[in-house]
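Undergrad: First the structure, then my questions, so here it is.
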Amino acid sequence: MQRFVGERQVYFFEEYIPTDHHLPYLEYHPFAGTDVIAVRPRIPHWWDEAQRETALRGLLDTLLRLHGVSKPVLWFYSPMMFGFAKHVDAVAIVYDCMDELANFRFAPPQLKTLEAELIDRADVVFTGGESLFAAKRGQHDNIHVFPSSVDVAHFAQARKGMAPAGDLNALPGPRLGFYGVIDERIDLELLEKVARARPDWSLIMVGPLAKIGPDDLPRVPNLHFLGQRNYADLPAYLAGWDVALMPFAINEATRFISPTKTPEYLAAGIPVVSTPIADVVAAYGALDAVNIARTPAEFTAACEAALALKPGDWQPAVDGKLAAMSWDKTFDQMSRLVGEAICGDRPVIRLPVMRSSKRRSAYDVVIVGAGFAGSVLSERLAADSDQRVLLCDRRNHVAGNAYDKHDAAGILVHQYGPHIFHTNSDAIVTYLSRFTAWRPYEHRVLAAVGDKRVPMPINRTTLNALYSLDLSTDAEAEEFLRSRAEPIAELRTSKDVVINQVGAELYRTFFEGYTRKQWGLDPSQLDKAVTSRIPTRCNEDDRYFLDTFQAMPLHGYTAMFENMLDHDNIDLALGVDYADIRAENLAPRTIYTGPIDEYFGHRFGALPYRSLAFRHETLDQRRFQPVAVVNYPDEAVPYTRITEYKHLTGQVHRQTSISYEFPQADGDPYYPIPRPENAALYKQYADLADAHPEVSFVGRLGTYRYYNMDQVVGQALAHYRRMNVSTDMAVGS
Ligand code: FAD
Ligand code: UDP
């Protein structure tokens, strides 16, 4: 469970409990020591079913909104929850079918219909045992069986001299015990008869009563019902038992069960007596330690035989079986299947898997640069194609320019300037959502003009504020801009684009100085693509981006990258420049996401990049500016913008951290500079790269493109798909 949490936040939306309060609400029960939170909906006890369903739907929406969860994975243990959750826009739906609940006593009539609907919508279905799998396998094309596993170390405590639970002391041995829910699945008549047949034994039942009351229990002096105990305390009960029982009734409710307690009992070193439950017989029936018995007389005899067993005779076979089971294994398999369900567009053609015996190099691929391009490719190659990846970065961290960290004050800041994630691509969100939850965030920017702060991009509010106007409709604003615009026939440069739209004055106010500072060039020297990124609006929409998806990774970019790169096939070499390992030929293939001209020793001349210096500060005040970013277009101000990070992250802190950006020529290459002569120089390098099939170039620096993060992710995923269909990664190549 903890490993799931490392990758995403887990909320257990539990079955509702009635309350005396007049309004529905959510009760939080965090699991100590983990980030898992159980959330218990509470509903006024007098509400009818329809009111309850509406309330549950509302509470679920509240939960998602409160935690900034968009496009969650919905994981259902019961179809009854599907009714009020099916409207949620989920990235994947998992139906983890643990029982044939419709066969249980008092099963609600709509359960079967809801289950059919859930199976129809599910991307992947898990069944908790073989019988259940056999019953359901025809109903879904992506259905898998996961019989119970066991935490051997937890239950093996009982074998290692643990003191038995205190309330067993009063009960004379031999002791034969059961733990689990006590309902119509337990054969109480069988229990009563065994207890009466052997008054010298203590029969001990641990667990809550469900759907039956204390009056339904047989009254026999040596049959004890102790009530529910915690999972943590179960080994202490097992430590005091001589035989473990599974006195299940053989009925509709038990036809498909696959009791988790079987391997738990065995891990505790206790022989088991069970009625003939199909999954127990099939999986464990051949073991000496597991006796199967049907009638009370057979069951009593089987208990006698179990008591006579010597642990040395049966434990080696049991331990051999247990060694092959682990929740980690179940986790890995489930995690892969859920991952595939999320990435619905997974390519069908896969890379040939290299067998390690045939590997001539230490790795299959060396990837240079742990930014978006390098990390996405590492993840895909490692997790989807079983390739061994060495990922190096000369910086001592992952995430490239998107790197964020907590500064000395504990405030999450972006070391290389503000990074706001925005995209129109569902596929890219879907992919990244495997590694992070999201915090919805819409970016707003103000520009400092004199002592005014006005919205940027230019909108109606900007015009009204700047010129003391009262333009009240889009049409009025459009007319105003038309009166100022200076139409240009052929738009080539960044200056043309703006003048054409808003005229020289607004161009000078907002673009000329800013661009000269940012690029060290006049807008007339830059490709039109640069300022075309910034629209002009006639309405009052003051968002910087209009993309359908705008959000920040809930725990930051670095955390997202760490999840992405957490794979056994990936070795990370941070603080390592490719130049220092290049000669070692560590892999037959290289993916290079650093500057392409550097890879080729600048042989055609250096490609120009624009750099930045950042001044980070922490201030002793809660708020510094009203929005995350304020631009300073005035050429006399040495920086271009100030960012206040708490706006981006939503962090609450009594101080605040900001950064100033000072553009400069020298330093880390942050921006390829879009202008025709640079494109021509890049083309020379790109042609050279074509002659080197052993290396590919990806990313903002590798392909010399002024790309946003989502575009780099898209480019990397597309590159991966192309690698899949090529044959140049064949075994031993
Ligand atoms: P990078 O993140 O640059 O990663 C390349 C990595 O390669 C670097 O870590 C580098 O150290 C490493 N490297 C290079 N050469 C070598 C070598 N020889 N050996 C070892 N390692 C090497 N995009 C948005 O979508 N939204 C934004 O708000 C946004 N804001 C930005 C703000 C700033 C100030 C900057 C500079 C960029 C911004 N971007 C934004 C763009 C975003 O940063 C890039 O699109 C993205 O980071 C590119 O990823 P990448 O993997 O191609 O490159
Ligand atoms: N720009 C400007 N004034 C502004 C904002 C942007 O002149 O107030 C120009 C500038 O040339 C900038 C370009 O528009 O480099 C693109 O801006 P964007 O915010 O998209 O750049 P980013 O910081 O995301 O690279």
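Undergrad: Inspect region 1-15 for any residue being surrounded by fewer than 17 Cβ atoms within 10 Å (Cβ to Cβ) and in contact with a Ser or Thr (Cβ under 6 Å, 6 or more places away or on another chain) and give the result as yes or no.
TA: Yes, there is a match, as at least one residue in region 1-15 is surrounded by fewer than 17 Cβ atoms within 10 Å (Cβ to Cβ) and in contact with a Ser or Thr (Cβ under 6 Å, 6 or more places away or on another chain).
Undergrad: When you check Leu521 against the structure, is it farther than 24 Å from Pro672 by Cα, more than 16 Å from ligand 1 (Cβ to nearest atom) and surrounded by fewer than 22 Cβ atoms within 10 Å (Cβ to Cβ), yes or no?
TA: No; evaluated as a whole, the condition is false for this residue.
Undergrad: Then there is this: State whether the residues of region 212-229 include one that is modelled with pLDDT of 95 or more and either open to solvent by less than 10 Å² (accessible area, probe 1.4 Å) or touching a His at 6+ places or on another chain (Cβ under 7 Å) (or both).
TA: No, there is no match, as no residue in region 212-229 is modelled with pLDDT of 95 or more and either open to solvent by less than 10 Å² (accessible area, probe 1.4 Å) or touching a His at 6+ places or on another chain (Cβ under 7 Å) (or both).
Undergrad: Let me ask another. Which of the residues that make up region 472-496 are open to solvent by 60 Å² or more (accessible area, probe 1.4 Å), of a type in the set (Ser, Thr, Tyr) and part of a helix (DSSP H, G or I)?
TA: Selection gives Ser483 alone.
Undergrad: Ok, one more. Could you list all residues from region 486-498 that are away from ligand 2 (no atom under 16 Å from the Cβ) and within 48 Å of the chain's Cα centre (by Cα)?
TA: The one that is away from ligand 2 (no atom under 16 Å from the Cβ) and within 48 Å of the chain's Cα centre (by Cα): Glu490.
Undergrad: Quick one: Tyr467 ticks every box in (1) within 37 Å of the chain's Cα centre (by Cα); (2) away from ligand 1 (no atom under 16 Å from the Cβ); (3) free of Cβ contacts under 8 Å to residues at least 24 places away in the same chain except a single one, so which number is it?
TA: (1)
Undergrad: Same structure, new question: If only one of Ala253, Ala305, Ala301 is part of a helix (DSSP H, G or I), surrounded by fewer than 22 Cβ atoms within 10 Å (Cβ to Cβ), hydrophobic (A, V, I, L, M, F, W, C) and in contact (Cβ under 8 Å) with a residue 24 or more places away in the chain, which one is it?
TA: After ruling out the rest, the residue left standing is Ala253.
Undergrad: Restricting region 630-659 to residues that are among the hydrophobic types (A, V, I, L, M, F, W, C) and more than 33 Å from the chain's Cα centre (by Cα), which is farthest from ligand 2 (Cβ to nearest atom)?
TA: Within region 630-659, the match that is farthest from ligand 2 (Cβ to nearest atom) is Ala636.
Undergrad: Also: Looking only at region 148-163, filter to residues that are of a type outside the set (A, V, I, L, M) and open to solvent by 60 Å² or more (accessible area, probe 1.4 Å); which one of those is nearest to Cys97 (Cα to Cα)?
TA: Asp151
Undergrad: Tally up the residues in region 188-205 that are surrounded by 21 or more Cβ atoms within 10 Å (Cβ to Cβ) and either basic (Lys, Arg) or in contact with a Gly (Cβ under 9 Å, 6 or more places away or on another chain) (or both), please.
TA: Number satisfying all stated conditions: 5.
Undergrad: Need the failing condition index for Pro595 against (1) within 24 Å of Arg395 (Cβ to Cβ); (2) free of Cβ contacts under 8 Å to residues at least 24 places away in the same chain, just the number.
TA: (2)
Undergrad: Would you mind telling me which numbered condition in (1) buried (at least 16 other Cβ atoms within 10 Å of the Cβ); (2) more than 23 Å from the chain's Cα centre (by Cα); (3) more than 25 Å from Pro109 (Cα to Cα) Tyr25 fails?
TA: Tyr25 satisfies all of (1) buried (at least 16 other Cβ atoms within 10 Å of the Cβ); (2) more than 23 Å from the chain's Cα centre (by Cα); (3) more than 25 Å from Pro109 (Cα to Cα) except (1).
Undergrad: Quick check: is even one residue across region 645-654 within 16 Å of ligand 1 (Cβ to nearest atom) and under 30 Å from Arg388 (Cβ atoms)?
TA: no
Undergrad: Might you check whether a residue that is open to solvent by less than 40 Å² (accessible area, probe 1.4 Å), more than 12 Å from ligand 1 (Cβ to nearest atom) and modelled with pLDDT of 95 or more occurs anywhere in region 336-351?
TA: No, the conditions are met nowhere in region 336-351.
Undergrad: Kindly establish whether Leu56 is at pLDDT 95 or above, out of contact with any Asp or Glu (no Cβ under 9 Å at 6 or more places or on another chain) and either at negative phi or not in a loop (DSSP other than H, G, I, E, B) (or both).
TA: yes
Undergrad: I need every pair where a residue in region 399-410 that is away from ligand 1 (no atom under 16 Å from the Cβ) has its Cβ under 8 Å from the Cβ of a residue that is open to solvent by 40 Å² or more (accessible area, probe 1.4 Å) and modelled with pLDDT of 95 or more, sequence separation at least 6 or different chains.
TA: Partner pairs satisfying both residue conditions: Asp407/His616; Asp407/Thr618; Ala408/Thr618; Ala409/Thr618.
Undergrad: I need the full set of residues from region 436-464 which are buried (at least 21 other Cβ atoms within 10 Å of the Cβ), touching a helix residue (DSSP H, G or I) at 6+ places or on another chain (Cβ under 7 Å) and in contact (Cβ under 8 Å) with a residue 24 or more places away in the chain, in order please.
TA: Across region 436-464, the qualifying residues are Thr436, Ala447, Pro455, Met456, Ile458, Arg460.
Undergrad: Further, regarding this structure: Which of the residues that make up region 498-552 are on the phi > 0 side of the Ramachandran plot and either in contact with a Pro (Cβ under 8 Å, 6 or more places away or on another chain) or among the charged types (D, E, K, R) (or both)?
TA: Selection gives Gly520 alone.
Undergrad: When the residues of region 28-53 are narrowed to those that are in a loop (DSSP other than H, G, I, E, B) and open to solvent by less than 50 Å² (accessible area, probe 1.4 Å), which ends up farthest from Gln110 (Cα to Cα)?
TA: Result: Thr34.
Undergrad: So which residues in region 689-715 are more than 15 Å from ligand 2 (Cβ to nearest atom) and open to solvent by 30 Å² or more (accessible area, probe 1.4 Å), if there are any at all?
TA: Asp690, Ala691, His692, Pro693, Glu694, Gln715
Undergrad: Continuing with this model, one more query. What number of residues within region 182-205 satisfy the criterion of being over 15 Å from Phe299 (Cα atoms) and out of contact with any His (no Cβ under 9 Å at 6 or more places or on another chain)?
TA: Of the residues in that region, 5 qualify.
A quick yes/no check of all residues on (1) within 30 Å of Gly320 (Cα to Cα); (2) buried (at least 20 other Cβ atoms within 10 Å of the Cβ):
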| site | (1), (2) |
| --- | --- |
| Leu60 | no, yes |
| Leu63 | no, no |
| Tyr77 | no, no |
| Ala102 | no, no |
| Ala107 | no, no |
| Glu117 | no, no |
| Ala122 | no, yes |
| Gly129 | yes, yes |
| Ala170 | no, no |
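Undergrad: Can you find a residue that is part of a loop (DSSP other than H, G, I, E, B) and in contact (Cβ under 8 Å) with a residue 24 or more places away in the chain anywhere in region 152-160?
TA: no
Undergrad: Continuing with this model, one more query. What are the pairs, 6+ residues apart or on separate chains, where a residue within region 625-646 that is open to solvent by 40 Å² or more (accessible area, probe 1.4 Å) has its Cβ under 7 Å from a residue that is modelled with pLDDT of 95 or more and away from ligand 2 (no atom under 13 Å from the Cβ)?
TA: Pro638/Phe662; Tyr639/Tyr660; Tyr639/Phe662
Undergrad: Within region 497-515, how many residues turn out to be surrounded by fewer than 17 Cβ atoms within 10 Å (Cβ to Cβ) and either of a type in the set (A, V, I, L, M, F, W, C) or closer than 14 Å to Asn631 by Cβ (or both)?
TA: So the count comes out to 1.
Undergrad: Oh, and also: Please work out if Asn396 is within 16 Å of ligand 2 (Cβ to nearest atom) and open to solvent by 20 Å² or more (accessible area, probe 1.4 Å).
TA: Spelling it out, it is not the case that Asn396 is within 16 Å of ligand 2 (Cβ to nearest atom) and open to solvent by 20 Å² or more (accessible area, probe 1.4 Å).
The values are calculated or read from the model by the stated rules, or taken from the named source; none is laboratory data. Please read all numbers here as calculations on a predicted model, not as lab measurements. Glycine also receives a Cβ, built like all others from the backbone with ideal geometry; neighbour counts cover every protein chain displayed. To get the accessible areas, we keep the full protein, side chains included, count just its heavy atoms, and leave off ligands, DNA and RNA. Shrake-Rupley method; radii C 1.70, N 1.55, O 1.52, S 1.80 Å.
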